[in-house]
1. DSSP loop GluC sites (Glu not before Pro) in the stretch 1-70 with at most 16 other Cβ atoms within 10 Å of their Cβ, which ones?
2. Among DSSP beta bridges lying fully in the chain, give the percent that are antiparallel, nearest 5.
3. Let me have the relative contact order for the stretch 227-266, percent, based on Cα pairs under 8 Å that are six or more residues apart.
4. By how many degrees, 0 to 90 and rounded to 10, does the Cα axis of helix 37-47 deviate from the longest principal axis of the chain?
5. Round to the nearest 10 and give me the degree value, 0 to 90, for the angle of helix 12-22's Cα axis relative to the longest principal axis of the chain.
6. Output needed: percent of Cα pairs per 10 Å distance bin for the stretch 157-339, bins running from 0 to the one holding the longest distance.
7. For the stretch 3-130, with only Lys/Arg (+1) and Asp/Glu (-1) charged at the beta-carbon, what is the dipole magnitude about the Cα centre, in debye rounded to 20?
8. How large is the charge dipole for the chain, taken about the Cα centre, if only the Cβ atoms of Lys, Arg (+1) and Asp, Glu (-1) carry charge, to the nearest 20 debye?
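Each reported figure results from applying straightforward, stated rules to the coordinates on display, with no laboratory input. Only a predicted model underlies this, so the values are computations on that prediction, with no experimental measurement involved. FYI the Cβ positions are ideal-geometry reconstructions off the backbone, even for glycines, and counts take in every protein chain you see.
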Amino acid sequence: MAIRVLIVDDSATARAVLREIIESDSALEVVATASDAYVARDKIVELRPDVVCLDVEMPRMDGITFLRQLMHYMPLPVVMVSSLTQNGAKITLEALEAGAVDFVGKPHSHIYDGVESMREELLSKIKMASRVRVRQRALVATVQANTTALAQTTHKILAIGASTGGTEALKEVLMGLPRNAPGTVVVQHMPANFTGPFAQRLDGLCAMEVREAKNGDAILPGVVLIAPGDFHMVVRRSGARYYVEIGSGDKVSGHRPSADVLLNSVAKIAGANAIGVILTGMGSDGARGLLAMRNSGAHTIGQDEQSCVVYGMPKVAYELGAVVQQLPLQSIAKAIIEAC
């Protein structure tokens, strides 16, 4: 049976292009389109689609407000289709926080100019979203950072890899860590314009300092460095000083930045003086890097299936024997602290 998709976008051109892309795949079916949130609401009640493709900027009710209402009253898998500008990145991060499964970037210029570049990504993310177990969200939710300090400052390295669903998973893990937690390096699969706003958003929520990594940044207790979009990040060492090196190069395991690239470097440079974590995500990136970390003596943690948005990367890591502890998301921060 085909995956049934509802397209919500105020632009008639965008709706036509998205329909053309989606209907080019026989596994997908566009059951309806909607020009705003109110029309979309009625279509959802009537048709019960499997996946909603949702624009951010719409008249009468913006996409984020509609998404929050939808995830509270009738949770469905939602893929945001939004601009990859700096402002678009901030809004899309809000959407992921509100419950969207994933996002696909619209071209900066005319949407017809980027049809081929977005086709494969859109189709694969709709299919992936249809398999996700979405959860009901409260309309208003507040969380507070963990401000409990570790007994003493540690010079271990914490390395984390994440993909689909990882923005919220990372937020939960990092907010559970105290101000003097180990220096942390992160790969979250994101486009270039997204990692800066994402880091800023986390920095306002976490006890640790969170920022987008720059070449040569020192890895220090209390600091989280997030790999910039479209660049690989590796860990280097000079004497007793750990630092990151940022570079380009081919995609590895289908990604740039790649969690495998980061975790393999941590295994080589830090060995047993590291903790590795792999969170929710589609595919296998990071699994082999986490195995290298375990083989080098590091403590390794994988998110369990029940708490993952997509049990892909952690599943492959677990099956490879890379995971020492497999835990629900809410237990991972505590396990990191205990491993220190």
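1. Numbers: sites: Glu20, Glu23, Glu29, Glu46, Glu57; in loops: Glu23, Glu57.
Sparse-neighbourhood loop GluC sites (Glu not before Pro): Glu23, Glu57.
2. Numbers: 9 of 53 bridges.
Bridges in the chain are about 15 percent antiparallel.
3. Working: 61 pairs, mean separation 18.1, N = 40.
Relative CO of the stretch 227-266 lands at 45 percent.
4. In the chain, helix 37-47 runs at an angle near 80 degrees to the longest axis.
5. So the helix axis and the longest Cα principal axis differ by about 70 degrees.
6. 11, 45, 39, 5, 0
7. Numbers: 13 positive and 20 negative charges, 57 e Å.
Roughly 280 debye, rounded to the nearest 20.
8. Details: 33 positive and 35 negative charges, 202 e Å.
The calculated dipole for the chain is roughly 980 debye.
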